[in-house]
1. Give the average over all directions of the projected area of the C-alpha convex hull of chain A, one decimal, in nm².
2. Suppose R0 equals 22 Å. What FRET efficiency, 1/(1 + (r/R0)^6) with r the Cβ-Cβ distance, do A:GLN161 and A:VAL87 give to the nearest 0.05?
3. If packing is taken as the average number of other Cβ atoms within 10 Å across a peptide's residues, how do A:47-60, A:88-101, B:53-66, A:218-231 rank, most packed first?
4. Taking only DSSP H segments of four or more residues, each worth -39500 (n - 2.57), what value at 222 nm results for chain A once the sum is divided by all its residues, to the nearest 500 deg cm²/dmol?
5. Under a plain spin-label model, where a point goes 7 Å from the Cα along Cα-to-Cβ, how far apart in nm are B:THR117 and A:SER210?
6. Pull out the extension gain between A:ARG98 and A:ARG168, defined as 0.36 nm times the separation in residues minus the alpha carbon to alpha carbon distance; nm, one decimal.
7. Highest mean first, what order results for A:193-203, A:252-262 on Cβ atoms within 10 Å?
8. So which helices of chain A fit the span-like rule, where a helix is a whole DSSP H run, its Cα atoms reach 24 Å or more along the axis, and its mean Kyte-Doolittle is at least 0.0?
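Throughout, read-outs are computed from the coordinates displayed, never taken from laboratory work. Since we're looking at a predicted model, the values are computed, not measured. No Cβ is skipped: glycine too gets one built from the backbone with ideal geometry, and neighbour counts run over all protein chains shown.
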Amino acid sequence: MSTVETELPEPASKIELPAHLGGGGEIPTFDVTLRVRRYNPEVSEESTWENFTMTMYGTDRVLDALHKVKWEQDGSLTFRRSCAHGVCGSDAMRINGRNRLACKTLLKDLDTSKPITVEPIKGLPVEKDLIVDMEPFFQSFREVMPFLVNRGHEPAKERLQSAEDRERFDDTTKCILCAACTSSCPVFWTDGQYFGPAAIVNAHRFIFDSRDDAGDMRLEILNDKEGVWRCRTTFNCTEACPRGIQITQAIAEVKQAILGRSI
Amino acid sequence: MSTNAIASPRSDSAQSPKYTRSKSSGSSFEMFAWLFMRLSGVILIVLIFGHLFVNLMVGEGIHAIDFGFVAGKWADPFWQVWDLAMLWLAMLHGTNGVRTIINDYAERAGTRLTLKTVLFIASAVIIVLGTLVIFTFDPCPPGAVIDLPSFCTVP
């Protein structure tokens, strides 16, 4: 019989931390219940609530919980997500009654003692589960001409702009078109005719751009009866924006610009 | 090969709703309505608190208010203009406020039209009646003999 040579595994850390310093330790886990609004037009015209319970980590977001449900419990759960890091704006949803991005909402920041409600954003037609038809949203976005219009000669190099001129509309360049603002606006919920905060934010981005020449046309478009004057300054949009854009202020600036040009 | 092998997305299919935004009206009515709400609000603060102060605080205050007090005020063109401005601004301010609430909450075009018709008729009646009273008010109508205030000279 020969002695089997046992190889000791490498210790986790080469530096021994005293116990009182704590160190990294294990990430805490907890049980959460997701209460998801389900809708499948091929099965029923009625939407229903469905609960999913799972064990999640303190570093997990609502999107991770939705993934866990889709990958391990119910593959039919349908939701949009793309980059999963708060940039693409695909996964805006109504979490615990507030519009947020599922990929930017940590579970530990929510009340995990109660089920976390997840619904599709309001005011847009639901297609399946958490997916809504974004077409009405993009239609009003397109109407404000969200592109640079310049009537001067085409420059041979980039169009230069001073830092101060750029600062004027910096806030509204942050929009990711997630529709969290427009679908949190009670005026938009009524009939969907109001342009909505997102379209006005994107108009603001060009109206106050010193390189753009179509500001007057955009102001004319937003002077419509469904334009900026339907804003009731309830600040729902500003609170919902995952990028922290001061949306209500941007709408007020567009109102001022229309007034200044008419009077 | 069928050209329609993959079903088109719901938004483009025949049974999906059409998203047609209402045509632009091209008028600046909503802008002036918005501006009017701000300006009339500021003026109304002065008019209403002035009205309350003169009626309830000055002199004997609330105890002086009676038919004769109102008659005396409306004998003065200053208070006629004051009350007329207050009536018109408050009525138009309130009517426009309710109009926007109807626009925000009524979902069907028919409901909107009905509610706004009722609103505009009611406001018009109150404005016309109020204006008429302010300008034609006579505390001692000729021919009347009973229930006249003491300051009227009974013929």
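1. The directionally averaged projection comes out at 25.6 nm².
2. Calculated value: 0.40.
3. Output ranking for A:47-60, A:88-101, B:53-66, A:218-231: A:218-231, A:88-101, A:47-60, B:53-66.
4. Helix-only estimate at 222 nm: -7000 deg cm²/dmol.
5. Distance between label points: 5.6 nm.
6. Gain in length upon complete extension: 22.3 nm.
7. A:193-203, A:252-262
8. Details: long enough: none.
Counting only whole DSSP H runs, no helix qualifies.
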